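These notes are about the structure you will find just below.
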Amino acid sequence: MLFSYKATKKDGTAATGTIEAGSHEGAVQALAHQGLHPLVVKAATAKGKGGGNITFGNFGKKVKSSDLVIFTRQLATMVSAGVPLARGLELLQEDPESPYFKEVLSSITRDVRGGLPLGDAFAKYPNVFSDVYVNMVKAGEEGGILDQIMKRLAKQIESDASMKKQVKSAMAYPIVIGCITVVAFFGIMFVLMPKLGSIFAQLAGPGYQLPIYTRVLLNFADYCRKYVFIYAPIIIISIVFLRRYIKTPSGKYKLHVLLLRLPVVGPIVSKLAIARFARTFSSLMGAGVGVLEALSVTGGAIGNKVIEKELLNAAEAVKAGKPLSAQLAASPHFPRIIPEMLQVGEETGQMDKVLVKVADFYEEEVTTTMDGLASIIEPIMILVLGAGVGVIAASVMGPLAQLSTHINGNGN
């Protein structure tokens with residue numbers, strides 16, 4: 001949320017502007033960290049720009065993962081070189097191509113100059129810096145290893161971006177073919193079939209009956225045209241309500257349950273979640289974050305509500321003194337190798353290094369599965385399209401051949 005404020009500085013001079021925070025109390029605390037004494041703080045509408053503070057609309061509020069990786073690596077280098085944090089941020093805020101990211105970094109630079117910890121400054125922009133990112137930065141600040149943490153974060157962001165790219169690449173071909181199929185279907189039903197029906201009626205004359213497969217196709221096309229104003233709105237409304245329901249906690253949980261149960265999709269979703277869990281949890285543990293907090297943050301970062309719930313339940317059990325490996329061993333979604341590797345990590349004190357190996361293994365598994373799936377989907381889609389074209393061709397050419405014989409017979 002965006003808040004406008006009127007405040008006084010330490011020297012008694014007045015200050016006005018806007019600040020972004022999650023709540024009114026958060027805005028007041030952020031101003032206090034900057035050395036300001038807030039007099040009036042109220043919600044403001046984000047329009048335009050002014051006063052050097054962030055005042056932007058909703059358009060373009062995204063940052064590319066590549067920009068975030070470059071920023072993270074450069075900041076790590078500057079921190080390692082001993083450059084003051086505020087100075088480093090000031091130098092980096094001119095690099096990104098995204099205007100939004102530039103303004104975010106500008107605001108963070110002002111916050112850090114005002115005494116706000118870097119992790120808290122990042123936390124004000126959850127659409128740019130995830131919970132994992134923020135918690136690891138906070139752990140790095142507390143442990144004095146911020147440069148190492150930033151390097152870990154850069155590797156993790158690169159890994160996540162690579163996995164997303166692979167999934168999108170594998171799904172691109174089926175999506176394109178599916179869209180072409182839908183467009184072709186409506187073109188045939190609404191344009192081609194009516195003309196063919198008219199031609200057949202003129203050529204056949206009274207008393208001639210078309211083959212059954214041609215009649216079925218013509219009747220189906222006629223049904224689609226007649227009732228399009230009934231079923232089309234129903235389909236659109238159903239999709240809108242379904243999308244809204246999926247965004248609710250209950251709907252999202254049920255969707256994730258369904259995805260995990262699907263024959264082909266389920267294993268891929270499960271492996272993706274496990275790979276993300278292993279890499280994120282290892283990064284947090286390596287940064288010195290406590291097990292309970294790491295489980296909570298990791299649960300929200302893996303993108304699956306079912307497995308997130310299991311991790312939260314595991315955190316409660318760990319809080320009661322039970323080993324984490326034993327809790328995950330009872331889960332149906334974590335393969336046996338995960339609790340076994342966790343047990344090794346618990347015994348050797350190298351849980352973060354062990355989990356990195358697990359993450360690498362499952363990311364490679366996902367890549368192999370997606371490549372295999374793409375190679376299978378392509379011939380299946382071609383076969384389905386070929387079958388559709390064959391049915392339409394038979395429905396057209398069969399009657400034409402019969403009509404030719406029928407007309408020649410009548411002519412004789």
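A few points about this structure:
- Residue in the stretch 213-236 that is of a type in the set (Phe, Trp, Tyr), surrounded by 10 or more Cβ atoms within 10 Å (Cβ to Cβ) and touching a residue at least 24 places away in the same chain (Cβ under 8 Å) present: yes
- For Leu203, the conditions (1) in contact with a Pro (Cβ under 9 Å, 6 or more places away or on another chain); (2) at pLDDT 75 or above all hold with the exception of (2).
- Screening the candidates Leu105, Leu89, Leu75 for the property of being buried (at least 17 other Cβ atoms within 10 Å of the Cβ), touching a residue at least 60 places away in the same chain (Cβ under 8 Å) and in a helix (DSSP H, G or I) yields one hit, Leu75.
- Unmet criterion (only one of (1) part of a helix (DSSP H, G or I); (2) modelled with pLDDT under 70; (3) of a type in the set (A, V, I, L, M)) for Leu39: (1)
- Scanning the stretch 54-80 for residues that are more than 17 Å from Ala123 (Cα to Cα) and modelled with pLDDT under 70 yields Thr55, Phe56, Gly57, Asn58, Phe59, Gly60.
- Selection status of Tyr245, surrounded by 14 or more Cβ atoms within 10 Å (Cβ to Cβ), in the same structural domain as Glu158 (by TED's automatic domain parsing) and at pLDDT 85 or above: no
- Qualifying positions in the stretch 290-317 - of a type in the set (Val, Ile, Thr) and at pLDDT below 85: Val291, Val297, Thr298, Ile302
- Qualifying residue in the stretch 182-197 (condition: assigned by TED's automatic domain parsing to the domain that holds Met381, of a type in the set (Val, Ile, Thr) and under 33 Å from the mean Cα position of the chain (by Cα)): yes
Yes or no, residue by residue, for (1) surrounded by fewer than 16 Cβ atoms within 10 Å (Cβ to Cβ); (2) touching a residue at least 40 places away in the same chain (Cβ under 8 Å); (3) more than 23 Å from Gly178 (Cα to Cα):
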{"residue": "Met351", "(1), (2), (3)": "no, yes, yes"}
{"residue": "Leu355", "(1), (2), (3)": "no, yes, yes"}
{"residue": "Ala359", "(1), (2), (3)": "no, yes, yes"}
{"residue": "Glu363", "(1), (2), (3)": "no, yes, yes"}
{"residue": "Thr368", "(1), (2), (3)": "yes, no, yes"}
{"residue": "Asp371", "(1), (2), (3)": "yes, yes, no"}
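- Number of the exception - Lys309 against (1) farther than 24 Å from Leu153 by Cα; (2) among the charged types (D, E, K, R); (3) more than 21 Å from the chain's Cα centre (by Cα): (3)
- Residue check for Ala139: in contact with a Lys or Arg (Cβ under 6 Å, 6 or more places away or on another chain), crowded, with 19+ Cβ neighbours inside 10 Å and in contact (Cβ under 8 Å) with a residue 40 or more places away in the chain: no
- Residue within the stretch 147-162 that is under 30 Å from Ala76 (Cβ atoms), surrounded by fewer than 15 Cβ atoms within 10 Å (Cβ to Cβ) and modelled with pLDDT under 80 present: yes
- Residue match in the stretch 275-283 (condition: touching a Lys or Arg at 6+ places or on another chain (Cβ under 8 Å), assigned to a helix (DSSP H, G or I) and buried (at least 21 other Cβ atoms within 10 Å of the Cβ)): yes
- Count of the stretch 310-349 residues which are closer than 21 Å to Ile268 by Cα, outside any loop (DSSP other than H, G, I, E, B) and among the basic types (Lys, Arg): 0
- Some residue of the stretch 115-137 being among the hydrophobic types (A, V, I, L, M, F, W, C) and modelled with pLDDT under 80: yes
- Test for Gly372: is it under 30 Å from Phe185 (Cβ atoms), in a helix (DSSP H, G or I) and at pLDDT 80 or above: no
- Criterion: at pLDDT below 75, assigned to a helix (DSSP H, G or I) and more than 30 Å from Lys155 (Cα to Cα) - qualifying residue of Pro399, Pro379: Pro399
- Residue in the stretch 325-343 that is among the basic types (Lys, Arg) and more than 20 Å from Val289 (Cβ to Cβ) present: yes
- Scanning the stretch 108-128 for residues that are touching a Ser or Thr at 6+ places or on another chain (Cβ under 9 Å) and either without any contact (Cβ under 8 Å) to a residue 40 or more places away in the chain or of a type in the set (A, V, I, L, M, F, W, C) (or both) gives a single hit, Ala121.
The values are calculated or read from the model by the stated rules, or taken from the named source; none is laboratory data. Bear in mind that the values here come from a model prediction, so they are computed numbers and not experimental data. Quick reminder, even Gly has a Cβ in these numbers, built from the backbone with ideal geometry, and neighbours come from all protein chains shown.
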